Amino acid sequence: MAVSVFSVPAGSVAARVVYRTRQGLAHLRPQRAGAVDAELAGWLSPAQLGLVARLTAADRAHLLRAGRRAATLSADPDLVLAALLHDVGKADERTRVRLWQRVLVVLLGRVAPDLLARLARPSHRPWRRGFYLALAHPRLGAEMARASGASARACWLIAHHHDASVTDPTLTLLRQIDEEA
């Protein structure tokens with residue numbers, strides 16, 4: 001019986017490796033940005049769409065998959081909006097998190113978290129801004145979402161979507177959706 005490398009126990013180290021590999025490959029695949037953007041425009045306000053437009057095509061596709069999944073699992077409009085906007089903090093008017101920075105964030109987070117924390121401090125050096133955005137994106141994204149008219153509940157979900165210490169059924173569902181999308 002053949003065993004797929006993609007059939008690994010959830011939560012295991014192997015599962016994280018598979019997840020991160022899939023995530024990285026998604027950023028290398030060409031995206032049909034026009035179709036993704038057109039569908040996002042049907043879900044989001046113009047201000048929210050402007051936030052999403054700063055992201056890479058791969059990130060926009062991820063947000064759309066997350067929003068679709070949230071809509072199939074729940075009728076909660078705050079969950080759906082949070083799924084559609086949860087990563088908007090990964091880009092701002094100056095820059096966005098690049099693929100090489102994402103790889104380093106994951107690696108340094110495991111082997112050199114103090115170095116990662118130093119790299120992620122706000123800085124005038126443009127190449128360091130991506131590290132800051134990567135780590136601060138939940139809080140920054142919540143602030144951006146709030147400014148774009150999102151509800152307080154949707155903003156709270158965005159702000160806490162990487163905070164494993166917070167227990168809330170809707171937040172748990174958002175985390176699951178983020179991992180699967």
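The values are calculated or read from the model by the stated rules, or taken from the named source; none is laboratory data. All of these numbers come straight from a predicted model, not from anything done at the bench. Quick reminder, even Gly has a Cβ in these numbers, built from the backbone with ideal geometry, and neighbours come from all protein chains shown. The area values use the complete protein model at the heavy-atom level, side chains included, leaving out ligands, DNA and RNA. Shrake-Rupley method; radii C 1.70, N 1.55, O 1.52, S 1.80 Å.
With only alpha-carbon pairs counted, each pair once and no self-pairs, how large is the Kirkwood hydrodynamic radius of segment 35-138 in angstroms?
14.6 Å
Solvent-accessible area per residue for segment 37-108 at a 1.4 Å probe radius, Å²?
Here the per-residue accessible area is 42 Å².
Taking θ as phi - 60°, what are the ³J(HN,Hα) couplings along segment 164-181 by the Karplus curve (6.51, -1.76, 1.60), each to the nearest whole Hz, with x for Gly and Pro?
Ordered by residue, 3J(HN,Hα) equals 5, 7, 8, 10, 7, x, 5, 5, 4, 5, 4, 4, 4, 4, 4, 5, 7, 6 Hz.
Estimate the FRET efficiency between Trp127 and Ala57 by the formula 1/(1 + (r/R0)^6), using the beta-carbon distance for r and 22 Å for R0, to the nearest 0.05.
With R0 = 22 Å, the Cβ-Cβ based efficiency is 0.50.
Reported to two decimal places, what Rg/Rh ratio describes segment 81-181 when computed on Cα atoms with Rh from the Kirkwood expression?
Using Cα coordinates only, the ratio equals 0.98.
Cut-off 17 Å, label point 7 angstrom out along Cα-to-Cβ of Ala41: give me the residues of segment 61-77 whose amide nitrogen falls inside.
Counting backbone N atoms under 17 Å from the label point, the list is 61, 64.
Rg/Rh for segment 122-181: what does it come to with C-alpha atoms and Rh from Kirkwood?
1.04
According to the square roots a ≥ b ≥ c of the eigenvalues of the Cα gyration tensor, what is the shape class of segment 60-115, taking rounded for a/c under 1.5, prolate for a/b larger than b/c otherwise, and oblate for the remainder?
prolate
In whole Hz and in residue order, list the ³J(HN,Hα) couplings for segment 62-68 that follow from phi through the Karplus curve 6.51 cos²θ - 1.76 cosθ + 1.60, θ = phi - 60°; x for Gly and Pro.
Coupling constants for segment 62-68: 4, 4, 5, 4, 5, x, 4 Hz.
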